[in-house]
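The values are calculated or read from the model by the stated rules, or taken from the named source; none is laboratory data. Since the structure is predicted, the reported quantities are computational estimates derived from the model, not experimental observations. Reconstructed Cβ throughout: ideal geometry from the backbone, glycine too, with neighbour counts over all protein chains shown.
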Amino acid sequence: MGAAETWKNRADTIPFRLTSYNNIVIDAIIIERDTVSLMFHTASSGITLTEKTAERLRTVQWQDSATDVTSWGGSGKSVNSIYNKIQFGKIVVDSVMIWQNQRSGHFTDGKFGPDLFESYYI
């Protein structure tokens, strides 16, 4: 089976909303329990959640120690959580690392990048 055929068999649609700030927002479920609204950010990799959102989540287990991180906004320390399962519509991605971040787009709990769907496009 070719790559196009494989993709066709795995294709799905994911509902989203466009905010008044032109952010694409998708609702996701983390570890089958916590619901979050995530901004799709083409320059992002993986998943980040705001510190405020992290405080209310019941399922995400954060590491005890912080790691040095650097992004376009500067550098600092952040904690992460490994081996999380996240669901976007019918698409389920397993073993995802989640990082805490201070900021995200208006009306969102965090952000994610296109790399989460790399096995769904050709």
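At least 3 residues being in contact with a Lys or Arg (Cβ under 9 Å, 6 or more places away or on another chain) is the threshold, and among the strands (runs of 3 or more DSSP E) wholly inside segment 12-107 those reaching it are 24-30, 34-40, 47-50, 67-71, 91-101. In the condition set (1) in contact with an Asp or Glu (Cβ under 9 Å, 6 or more places away or on another chain); (2) at pLDDT below 90; (3) loosely packed, with under 13 Cβ neighbours inside 10 Å, R56 is compliant with all but (2).
Among the residues making up segment 20-32, a single one is under 17 Å from D94 (Cα atoms), surrounded by 11 or more Cβ atoms within 10 Å (Cβ to Cβ) and not aliphatic (A, V, I, L, M): D27.
In segment 84-105, the residue that is surrounded by the fewest Cβ atoms within 10 Å (Cβ to Cβ) out of those that are over 15 Å from S37 (Cβ atoms) and touching a Ser or Thr at 6+ places or on another chain (Cβ under 8 Å) is Q102.
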